[in-house]
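Please read the structure below before turning to the comments.
The values are calculated or read from the model by the stated rules, or taken from the named source; none is laboratory data. This one's a predicted model, so the numbers in the text were calculated from it and none came from an experiment. Note that each Cβ is placed from the backbone with ideal geometry, even for glycine, and that neighbours are counted across all protein chains shown. In case anyone asks, the SASA skips ligands and DNA or RNA and just uses the protein heavy atoms, side chains included. Shrake-Rupley method; radii C 1.70, N 1.55, O 1.52, S 1.80 Å.
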Amino acid sequence: MCGIIGYVGKKRALPILVEGLTAMEYRGYDSAGVCLQDSGLVRVRASGKIENLRERLSQQSLGGTSGIAHTRWATHGIPDEANAHPHLDCEGQVAIVHNGIVENYRELREELEAAGHTLTSQTDSEVLAHLIETELQTSSGLTAIRRALKQVRGTYGLVVMFKDVPQTLFVARMGSPLVIGVGRQEHYIASDPSAILVHTRDVIFLDDGELAAVSVEGVTLMNLDQSVPKKQVERVTWEVATAKKNGEAHFMLKEILEQPEVIENSTRGRIDMIGTRAVLGGLRDVSDSLKEIDRIIIVGCGSAYYAGLVGEYLFEELAGIPVEVELASEFRYRKPIISTRTAVLAISQSGETADTLEAIREAKRKHALTLGLVNVVGSSVARETDAGVYNHAGPEVGVASTKAFLSQLTVLTLMSIYLGQLRRSLSQQKAGEVLAALYEIPNQIQEILRERSQVSAIVDRHRNMTNCLFLGRKYQAPIAYESALKMKEVSYVHAEGYSCGEMKHGPIALIDKSFPSVVLCPEDSVFEKTRSNMEELQARGGSIIAVTTNAQLVSHLCEDVIVIPETLECLQPLLSVIPMQLLAYEMAIARNFDPDRPRNLAKSVTVE
Ligand code: M6R
């Protein structure tokens, strides 16, 4: 969360900084700010989206060939201008931008205030500027920063500018990514490499515990323990795909509509129909280890976690491997029992989710084989896992995950087939059936998208609802959870996702005329049981929206029916989720909310 960009060189810094911030707005849009070296430190900040900052900047003419900038997702302190970064020390000698959380900021703040410092924000970050200011009395540059950071507990991606050292930026990393872009007589700093790849492809990825002084001439590195790390400049070869709305009103809609193509991209070159095989080059190097594993633990957050729950059914059915799915945010607090025969698979669109990264690090400490299923090429999860598979879904801009989720399900299907074949637990015939059915999915999604008016009619009738239950069984249970999450995050309707079997254990108490349920009930192996649950809802006066492959079988039980095409049970989630994404999107529009930038959220959650 939060985006950082810095520049030092010969060009005018401001346009580079604003462009970089714009590329990272998905990381947070509570406030934004810049600080430039223009005959002293000049700071401009604004609350809200980057366009507010841009407007403020347009009212003044700022020069300077070095500077730092930040877009914020609020953790400590309300999203107003006073809490916007960059933060300064008392004397305006030190400017900082910070990602992460200073966990002991309260104690540090009290000590600083007792020593006479006046802090002007409610943030945890501001203490860093004042700690460095204190250390400047007895030291300078990297040493002052290192000494200040020794007092800090928590995580940081930190960039510091000193008024008296105009052509140098100082950086430090602990648990929050930072990359240095190396140009000709210029350097860039960013929390997300994609923000600087338009300028340079030569980068230094900082590791935890590393600091650097970055000037026009070069980069001087140091560890927190004062040793000197050995680092190489790496060449980034992947492309930054640019995201455009393609004429649609919102990224969320555009990303829903492009899902047929997304499946094609996620499967391209990965299905060998002649050999009836899934081909996953990213797993080739670890195939011997994959033959030996006796368990998979899937970790992820939010939609990625729900994709993992579908993965659990897939891996167990197609590859015959026991699977557990864990919320990455809880994983390491449980003292997970991991052996060298455990594979830990991290699912993450961004590859930067702090909890997912920490789960992977925990798994590595315990010598598990670590795998990534990641959309953003070159992201931290991709770099820190032993092997993995990219989604190839293209950039996902909408905060609500849609096409990334779908591509996660697609790749999980391929991984299940790959593992089933590698371990000889999946017959050629079954693999062939699944691959052939997967091949049909893009057309079937197209069919659902053509019938979008089914969803619009339901939204018209239910736009004022305040609560909603989503129910599903077996493969559809995770889709019920995912659908509820989508509805909550973009339309602010209180929605709960439950497996049908759990309904009688509590949630059914909520049901009355004003509490509708969306029931995912394709004609699959558990259809009869799901239909019984619908009877139970109807008996209690609850209105039902059914998502089914066979309207005739359920229409007497529901007010509304959304019909989807039929496929294999293990692939049906790829179809049932589509109208649920549309439902959430259209509900947001009907209620006048911006689905691309829902309140209080950020696309990538880089703090724990
Ligand atoms: O980038 P990640 O896949 O690791 O993100 C995980 C969650 O933050 C993400 O899926 C979130 O729940 C989405 N906003 C859901 O739509």
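Some observations on this one:
- Applying the criteria of a DSSP loop state and at most 12 other Cβ atoms within 10 Å to the GluC sites (Glu not before Pro) of the range 78-133 yields Glu91.
- Accessible surface, the range 56-129, averaged per residue in Å² (probe 1.4 Å): 39 Å²
- Estimated translational D of the chain in µm²/s (Stokes, Kirkwood radius over Cα pairs; 20 °C; 1.002 mPa s): 84 µm²/s
- Interatomic Cα distance distribution for the range 311-428, bins of 5 angstrom, percent: 2, 12, 21, 23, 21, 14, 6, 1, 0
- Of the trypsin sites (Lys or Arg not before Pro) found in the range 414-470, those that fall in a DSSP loop while having at most 13 other beta-carbon atoms within 10 Å are Arg424.
- Range of Cα positions in the range 451-590 per principal axis (Å), largest first: 35, 32, 25
- Straight-distance candidates among the aspartates and glutamates for linking to Lys513, with alpha-carbon spacing under 13 Å and chain neighbours fewer than 8 residues away dropped: Glu559.
- Computed [θ] at 222 nm, helices only, for the chain once each DSSP H run of length n ≥ 4 contributes -39500 (n - 2.57): -10500 deg cm²/dmol
- Euclidean distance of C-alpha centroids, the range 28-91 and the range 357-379, integer Å: 34 Å
- The Stokes-Einstein estimate for the range 2-243, based on a Kirkwood radius over Cα pairs and taken at 25 °C with 0.890 mPa s viscosity, is a diffusion coefficient of 141 µm²/s.
- DSSP-defined beta bridges in the chain - what % are antiparallel, rounded to 5: 60 percent
- Surface share of carbon and sulfur [accessible, 1.4 angstrom probe, percent] for the range 254-447: 48 percent
- Mean accessible surface per residue for the range 451-590, computed with a 1.4 Å probe while every protein chain stays in place, in Å²: 35 Å²
- Overall form of the range 537-582 per C-alpha gyration tensor (a/c, 1.5; a/b vs b/c): prolate
- Computed E for Asn550/Thr237 - FRET, C-beta separation, R0 45 angstrom, nearest 0.05: 0.40
- Whole-Å distance, taken between Cα centres, linking the range 139-201 and the range 518-576: 54 Å
- Taking the charge dipole of the chain about its Cα centre, with +1 at Lys and Arg Cβ atoms and -1 at Asp and Glu Cβ atoms, the residue from Met174, Leu471, Tyr29 reaching farthest to the positive side is Met174.
- Per-atom-type breakdown for the range 2-243 gives carbon and sulfur 46% of the accessible area (1.4 Å probe, protein chains only).
- Cleavage-rule hits (trypsin sites (Lys or Arg not before Pro)) in the range 265-340: DSSP loop, at most 12 neighbouring Cβ within 10 angstrom: Arg268
- Convex hull volume of the C-alpha atoms in the range 208-311, normalised per residue: 269 Å³.
- Per residue, the range 154-262 exposes an accessible area of 42 Å² to a 1.4 Å probe, with every protein chain left in place.
- Straight-line reach from Lys230: taking Cα to Cα under 28 Å and skipping same-chain neighbours fewer than 8 places apart, the lysines in range are Lys10, Lys150, Lys364, Lys366.
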